[in-house]
1. Could you check the stretch B:105-116 and list, in sequence order, the residues that are outside any loop (DSSP other than H, G, I, E, B) and either small (G, A, S) or more than 7 Å from chain C (Cβ to nearest Cβ) (or both)?
2. Taking helices (runs of 4 or more DSSP H) that do not extend beyond the stretch C:165-284, which have at least 1 residues that are over 21 Å from C:S124 (Cα atoms)?
3. Considering only residues that are within 7 Å of chain C (Cβ to nearest Cβ) and in contact (Cβ under 8 Å) with a residue 40 or more places away in the chain, which ones fall in the stretch B:93-104?
4. Take the residues in the stretch C:125-141 that are surrounded by fewer than 20 Cβ atoms within 10 Å (Cβ to Cβ) and either part of a loop (DSSP other than H, G, I, E, B) or touching an Asp or Glu at 6+ places or on another chain (Cβ under 6 Å) (or both); name whichever of them is farthest from the other protein chains (Cβ to nearest Cβ).
5. I'd like to verify a number: residues in the stretch A:255-282 that are at the interface with chain C (Cβ under 9 Å from one of its Cβ atoms) and in a loop (DSSP other than H, G, I, E, B), how many?
6. Given the criteria more than 18 Å from C:A282 (Cβ to Cβ), within 14 Å of chain A (Cβ to nearest Cβ) and surrounded by 19 or more Cβ atoms within 10 Å (Cβ to Cβ), does C:R218 qualify?
7. Name the residues in the stretch B:27-47 that are among the polar types (S, T, N, Q) and either in contact with a Ser or Thr (Cβ under 7 Å, 6 or more places away or on another chain) or at pLDDT 90 or above (or both), would you?
8. Could you check, for the stretch C:147-167, whether at least one of its residues is without any contact (Cβ under 8 Å) to a residue 40 or more places away in the chain, more than 14 Å from chain A (Cβ to nearest Cβ) and more than 27 Å from C:P258 (Cα to Cα)?
Amino acid sequence: MDDARGGWPMSEVAPHWISESLRACIRDPKVAAGGGFILFLLILALGAPDFAPKDPLEQDLILGVTPPPGFAGAEPGYLLGTDDLGRDVLSRLIWGSRVALTVAFVAATLAAALGATLGLLAGWYRGWVDATISRLVEIWMAFPPVLLSILLVAVVGPGVGSVIGAIAIIDWTRFCRVIRAETMGQAKTDYVTAARAIGFSPMRILVREILPNVMPVLIALISLEMGIAVIVEAILSFVGLSVSSDVPTWGGMIAQGRQILHQGWWVLAAPLVALFLTVLAFNLLGEGLRRSLDPVMRR
Amino acid sequence: MSPPVLALSNLSAISDRDRAPILRNVSLEVARGETCGLVGESGAGKSTIAKAILGILPRTIRVTGGEVKFEGADLLKIEIGPLRRLIGECIALIPQDPMTALNPARRIEAQLTDGPRLWRGLDATAARALALRLLDEVHIRDPDRVLRSFPHELSGGMRQRVLIAAAFALEPRLIVADEPTTALDVTVQKQILRLIRNMQSAHGTSVVFVTHDLGVVAQICDHVTLLFAGRVIEAGSASRLLDRPAHPYTRALLEACPRYDRPDAGLRPIPESVIADLYAELGQSGATP
Amino acid sequence: MTAVAAQRLIMAAVTLLGVAIIVFVLLRVVPGDPIAMMISPGATPADIAALRAHYGLDTSLPAQFFVWLKDILHGDFGTSISLHRNVLGIMAERLPATLELAFASLVFAALLGGAVAVFGTLVSDWTAAPLIDTVNGLFLAVPDFIWAFALVLLFGVFLPVLPLSGRIDPGLDERFVTPFYLLESLATLRFAAAADVLRHMVMPMLALGLPLASIITRVLKESLREAMVQDYVLLARLKGLSRLRLVLQEALRNAVAPTLALTGVQFTFLIGGTVIVERIFAYPGIGNMAVDAVINRDLPLIQGLTLVFGALFVVVNMIVDLLVVATNPRLRNG
C-alpha cells in the first residue's frame, strides 16, 4: 500500500487532485474547527479598529483593574475587565492578534521555505550535501530554541521583524528533517526514475515531481509551525524582546498579568486562553490537513 | 467407549458486521488420544472453530447456536475467570508461525515456565527442571543454552520445537495445532510433524490439527473433518476419507493435491462445477450466503 | 561496537565545536559594547583599554576565538561581566538546580505517560476508552509556556497552596554543602527541607513534564496496541495470564524501545524548555540565568551557558543511544 504513494503523473491529475483535496479538507472536522477559528481570528485582526470596543492604549486610571462582568466591581462595557492602567483587556486582545498572526504566517512561511529547500537538496543529492546539511541540523538542535531566539533578537534588536527572522532561522530544522526523509523516499519511486531516464534536470524533477508530492506534509507542518511561532512570539514579548511596549501583544499582556496576578487574574487569563485556543486551532488544522491532503492516507 | 474430549454440536456463527454465516451447524468429536484433522480452504471456518475451542472468538463473530463441549462442559457458557484457568491448564495451542509466537524480549526459560508457575505453583528451580525435561523431550540439544537464549538466537525449527514443548508443559488434554508446519522449510516440516505425532501418543493427548494440506492429514490424522464455507462437507476416518472419498468436493480436492504415493499423477484444479454445486447445496439448506 | 562509539564521540565533538563557533560569531556582531556598561563615570580611555585587554576584547576575532577555545579546554570559561565571578563557578552552582528540575520532570512524565498508556491499553475495550486519546490529543497541543501560566493561575490565585517562585523558602534556615538541594536533603534525611524544595519544584516540573507525558502516552499506547495483537501475546493469553500481566510482562517490554528513543529526543527539548519555564517561576537554574546573561550582554556567561546546553544535548543523545542498545536483546549481543 505504502509503496503506491503518489505514483502518477502530476500534470494530468493535478487539477482534479487539488479540487478533491479541497473538498476532503473542508469535510474534515479537525480542519473545519481549526481553520474556522483561525479564519475568525484573522477577520478579527484585520478589522481590529472596527471590532475592538475601546482604544487598546487608552488609559483610565480610575477604572484600573476592573473585573469582567459577573464579578464584584465590574463596569459595563468592559467585557474582559481592565488592566492596572485601566485599558480594556478585550480591545488589547483583539489588537494583539495582529502581531500574533503576522508572526505566525510570515515566520512559518519563511522557515518552511528555508527548511524545505535544504531538505529537498539534502534528500536528493545525498553525499556531502546531505552530510553538511544534516550536521548543521544537529548543531542547530543542540541550541535550546528559546535561548537562541532571545539571543538572536537581542543581537538584532527588538521588533516584529527580528522575531520573525529569529523564528525562521531557528525552526527551519523542523522542515528540513521531515522533507529530507520524504524526498529520499520519493527519489526511489518509479515515476522519479522515469523522469530521470527521460533526462529531466534535477531542478525540474525536484520542483515538478517531488515537491508536489511532499506538499501535503509540508502544508501540515507549516500549520503546526504557525502555532509554535505564536508561542515563541508570546515568549519573546514576555521576556520583553518582541515589539515596543505600546503595541499590544498577547505575550506582553501575559507579562503584565503576571505582575498584577493577585489584583486581577483576568489580565493573565484572557491572553492565555487566546493563546491556547490559537495554538490548538493551528494544531487541529495541521493534523486534519495532514490526514485529508495525503492521497494515500485518505481512506 | 470413553466420552469424547471435545464435542462440537450444531455450532453456528455469523459475522456481526454483515450477518454473513461463518459456521453452519458444525458438529465434530475428538476422542481421547486421537488426532482430528480440520481441513478446508481459507475462509472455510477452520480457524473460527479453533478460536471457539480456545475461547478467543473475536467480538465481530457471534455464535448463534450450538455447543463447544470440552470434557462435558460447554466452553461457550463458562464465566471468563474459570474459563481462563480451564483453557490455561487443559487446552494448548501450537501456533502457525514460530517466528512471531515467541516474545522477542523474554528468554526461552521465562516463556516455557509461565504456565507451570502460574497453575502448578512451581518455584524457579522446579520450573527450570521441568523446562529442561521438556526441551529434552522435543530433542533439543544443549537445553541449558536454549533456556538462556532469546528467540532471535534460535532457528525457525528450534522455535517450533520450543513452542511444542511449551504446549505440552502442563500435560494438556487437548492441543490445537494451527497449521504448525506451513511457515517452516519443507525439510523441517516432516521432523516437526513426526515430533507432534510422537509427543501426542506418548502423552495420550487429543489433537485438533488445523490444515489446508491433505498430504499432512495423511501423515498425522486419525480422523478428518472437511469444511467448506462454514459447513462440514465430509467427515470420517482419515484412511477411509483419503482412499474412498464420498463427496465430489473431497474427490476434487484430493486430485488437486500432490500425492507422495503417486508422484507421476498430474494435478487437477478443482472444477468450477463442483464449487457451483456446493453453493447450490448451501442455498437449498436454507443458510443463504 | 567501539568504532561506532568513537564515531559518535567525534560527531558529538563536531556538534559542540559548531555550537561554539556560532555563538562566538553571533555575539561578536552584537551592537552595543559590553564594556560600556561596566565603566564608572570617571574612567579614563586607559582604564577602558585595560578593561578590554582584561576581557580579551582587544585582539582579532579568530585570535579571540582560539584563545577562548584553548581556555575552555583548560576549564577556564572566563569571568562573568555582570556578576564579576568565574563563569565555571557560577555555572557549577546553577546547573544542579536545572538538572534536578529536568530529571524530576522526566521521571514525572515517564511515570504519568507510562501509567496512562498502560491504563488505556488495559481498558481499551471499554466504551469510554477513546476519550483517553481525545483528552490526550488536546494535551498534546499545549506547550510548556501555556502550562506554566495555567499553573500560575491555578496555584497562584484559585488554589494558593504552592510557592510561585524560587527554589527554596529563604526563611527556611537550611545549609547545603552541594548545589543538589533535593538530593542532598533526601540523602541527609532532612525531609522538611526536601519537601520545601519539592513544593517549589512542582509547578515548573508539571509545566515541563506534562507536554512530555502526553507524547509518551501517545507513542507508548500506540506501540502497546501493536504489541498486544502479536502472536506471542495471544499465546500468553491462552496460558491464562491476566490482562495486566499480558500488558506489563509481554507487551510493555517490546513497546518500550521505540518510546525510549523518542523520549530521549523529547528530553533534549524539555531541557531547552527550562529556559522559559525557569524564567516564569524565577527558578535559579542555568536557563533563567541565560536569559539574564543575554539581557545583560554578559558575553562570557552566554558563551559558557550555551556550551553547557549543547553538551547536555550531546550527552543525552549518547545516553539514549546506549539505552536503546541495552534494552534490545537483538542489538545487545550483536
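The values are calculated or read from the model by the stated rules, or taken from the named source; none is laboratory data. For clarity, every value in this text was computed on a predicted model and none was experimentally measured. Positions of Cβ are generated from backbone atoms using ideal geometry, with glycine treated the same way; all protein chains shown enter the neighbour counts.
1. Step one: of the stretch B:105-116, the residues outside any loop (DSSP other than H, G, I, E, B) are B:108-116.
Once the filter is applied, which keeps residues that are outside any loop (DSSP other than H, G, I, E, B) and either small (G, A, S) or more than 7 Å from chain C (Cβ to nearest Cβ) (or both), the stretch B:105-116 yields B:I108, B:E109, B:A110, B:Q111, B:L112, B:T113, B:G115, B:P116.
2. Details: elements: C:181-187, C:191-228, C:231-238, C:252-280.
Once the helices (runs of 4 or more DSSP H) in the stretch C:165-284 are filtered for at least 1 residues that are over 21 Å from C:S124 (Cα atoms), what remains is C:181-187, C:191-228, C:252-280.
3. Here is the first cut: in the stretch B:93-104, the ones within 7 Å of chain C (Cβ to nearest Cβ) are B:93, B:95, B:97, B:100-104.
Across the stretch B:93-104, the qualifying residues are B:L93, B:P95, B:D97, B:A101, B:L102, B:N103, B:P104.
4. Here the answer is C:A128.
5. 3
6. Details: more than 18 Å from C:A282 (Cβ to Cβ): yes; within 14 Å of chain A (Cβ to nearest Cβ): yes; surrounded by 19 or more Cβ atoms within 10 Å (Cβ to Cβ): yes.
Yes.
7. As a first pass, look at the stretch B:27-47 and keep what is among the polar types (S, T, N, Q): B:27, B:35, B:42, B:47.
B:S27, B:T35, listed by residue number.
8. Initially, the stretch C:147-167 is screened for residues without any contact (Cβ under 8 Å) to a residue 40 or more places away in the chain, giving C:150, C:153-154, C:156-161, C:163.
When the remaining residues are screened for being more than 14 Å from chain A (Cβ to nearest Cβ), the result is C:161.
If we keep only those that are more than 27 Å from C:P258 (Cα to Cα) too, we end up with C:161.
The answer is yes, given that some residue of the stretch C:147-167 is without any contact (Cβ under 8 Å) to a residue 40 or more places away in the chain, more than 14 Å from chain A (Cβ to nearest Cβ) and more than 27 Å from C:P258 (Cα to Cα).
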